[in-house]
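Input: a single structure, listed below in C-alpha cells.
The values are calculated or read from the model by the stated rules, or taken from the named source; none is laboratory data. If you're wondering where the values come from, they're calculated on a predicted model, not measured in any experiment. Don't worry about glycine lacking a Cβ; one is built from the backbone with ideal geometry, like all the others, and counts go over all protein chains shown.
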Amino acid sequence: MRVDIISIFPEYFAPLGVSLIGKARERGILDVRLHQLRDWAHDVHRTVDDTPYGGGPGMVMKPDPWGEAIDAVLSTGQDASARIIVPTPSGVPFTQRLAMEYAAEPWLLFTPARYEGIDSRVMVEYGTRTRVDEVSVGDYVLAGGEAAVLVMVEAVGRLLPGVLGNACSAVDDSFAPGAMENLLEGPVYTKPPEWRGHEVPEILLSGHHGRIARWRRDEALRRTARNRPELLAALDPRGLDKHDLKL
Ligand code: ADE
C-alpha cells in the first residue's frame, strides 16, 4: 500500500520508522511518502494560513498551497487515484470497520491540518475527482491532525497482509467484525500462574478449549457492560447466543 502525507510538520512522522510499521516499510509492504506543504507556498514567508472569512478566532489553511500539493502528489500516480483522508474533529468517527476499508485501498493520501482547518473548497474540489473522507479519531480536539494520522496509519498498517506475525491476532481484536464485533476484549494473562498473591483464573489452565472460549466471551460481555454500556445496548441480538450473560 502507498501512503502519502502532506503536512507542515513532516518530522512529526518519525515514529512511522519504528516497530511494526517501520518493519512493514522496510519489507516493502507499506510505502510512506512525506511532503512539506510549505514547498507549495510561494511567498517569502511560505505562508499557508490566513484569517477566516466571516470573522472569528484562529486562522484557516489557504486553498492554494493545498491544491498545488495535492495535484502534485496525485500526478505521481499511474491509474487509480488516492483516497484522500482529511483528519478533523468534525469528521466521521474512525472505527475498526473504516480501518479495514482503508487497508483494502491501494493508495491513501492524508492531509493533516493545523489551525482551524483547511478551506472547505479544497474538500469539495477533490470530492469531484476521488473519495474524500473527513475523519475524526475521537471526541476531543488535538493541536493538529498529525497525531490523528499516526493513529490511523498504525491501525491500517497492522491489518495489511504480512504485517502481523500471527494473522489471527487481528481476528480477536476488540471491535473486529465477527463474534467479537462491538465487544471489548477481556483480561489476558501469562506466566507465572501466581504473582504477588494474584492467581490466573483456573479455567485458563484447564486446557478445556470450549469452556475457555465461553469464559472469554463472558469476560468480554462483562467488560463491555462496565466500560462501554452504549456498545452493549447496540449489540445485534442475533449476535448473542443463549448462554450469554444477562447483564
Ligand atoms: N484534528 C484535531 N482534532 C482531531 C481529531 N479529534 N480527529 C482528527 N483530527 C483532528
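At-a-glance table
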read-out: Test: residue in region 55-67 that is in a loop (DSSP other than H, G, I, E, B), within 30 Å of P177 (Cβ to Cβ) and not hydroxyl-bearing (S, T, Y); value: no
read-out: Residue under evaluation A80, criteria (1) surrounded by 14 or more Cβ atoms within 10 Å (Cβ to Cβ); (2) within 17 Å of L109 (Cβ to Cβ); (3) among the hydrophobic types (A, V, I, L, M, F, W, C), criterion not met; value: (1)
read-out: All positions within region 84-95 that are farther than 12 Å from M152 by Cβ and either surrounded by 12 or more Cβ atoms within 10 Å (Cβ to Cβ) or hydrophobic (A, V, I, L, M, F, W, C) (or both); value: I84, T88, P89, V92
read-out: Conditions (1) at negative phi; (2) free of Cβ contacts under 8 Å to residues at least 60 places away in the same chain: number failed by R46; value: (1)
read-out: Residue count for region 92-110, restricted to those that are part of a loop (DSSP other than H, G, I, E, B) and within 16 Å of the ligand (Cβ to nearest atom); value: 2
read-out: Residue match in region 111-123 (condition: surrounded by 14 or more Cβ atoms within 10 Å (Cβ to Cβ), assigned to a helix (DSSP H, G or I), modelled with pLDDT of 95 or more and over 21 Å from the mean Cα position of the chain (by Cα)); value: yes
read-out: Check on R38, over 28 Å from A104 (Cβ atoms), part of a loop (DSSP other than H, G, I, E, B) and in contact with a helix residue (DSSP H, G or I) (Cβ under 8 Å, 6 or more places away or on another chain); value: no
read-out: Condition met for V153 (at pLDDT 95 or above and of a type in the set (A, V, I, L, M)); value: yes
read-out: Elements of type helices (runs of 4 or more DSSP H) contained in region 135-247, each with 2 or more residues being under 23 Å from the mean Cα position of the chain (by Cα), closer than 30 Å to R25 by Cα and of a type outside the set (S, T, Y); value: 146-157, 168-171
read-out: Qualifying residue in region 185-194 (condition: on the phi > 0 side of the Ramachandran plot and out of contact with any Cys (no Cβ under 9 Å at 6 or more places or on another chain)); value: no
read-out: Test for L98: is it modelled with pLDDT under 95 and surrounded by fewer than 19 Cβ atoms within 10 Å (Cβ to Cβ); value: no
read-out: Residue selected from region 204-220 under the condition surrounded by 15 or more Cβ atoms within 10 Å (Cβ to Cβ) and in contact with a helix residue (DSSP H, G or I) (Cβ under 7 Å, 6 or more places away or on another chain), by the criterion nearest to G186 (Cα to Cα); value: W215
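Conditions (1) within 16 Å of the ligand (Cβ to nearest atom); (2) acidic (D, E); (3) over 25 Å from R97 (Cβ atoms), marked per residue:
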| residue | (1), (2), (3) |
| --- | --- |
| V137 | yes, no, no |
| E154 | yes, yes, no |
| E181 | no, yes, no |
| L184 | no, no, no |
| P192 | no, no, yes |
| L205 | no, no, yes |
| H209 | no, no, yes |
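This table checks each residue for (1) in contact with a Pro (Cβ under 7 Å, 6 or more places away or on another chain); (2) aromatic (F, W, Y); (3) over 21 Å from R131 (Cα atoms); (4) at pLDDT below 95.
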{"position": "L16", "(1), (2), (3), (4)": "no, no, yes, no"}
{"position": "K23", "(1), (2), (3), (4)": "no, no, yes, no"}
{"position": "E26", "(1), (2), (3), (4)": "no, no, yes, no"}
{"position": "T47", "(1), (2), (3), (4)": "no, no, yes, no"}
{"position": "P52", "(1), (2), (3), (4)": "no, no, yes, no"}
{"position": "G56", "(1), (2), (3), (4)": "no, no, yes, no"}
{"position": "V60", "(1), (2), (3), (4)": "yes, no, yes, no"}
{"position": "I85", "(1), (2), (3), (4)": "no, no, no, no"}
{"position": "L108", "(1), (2), (3), (4)": "no, no, no, no"}
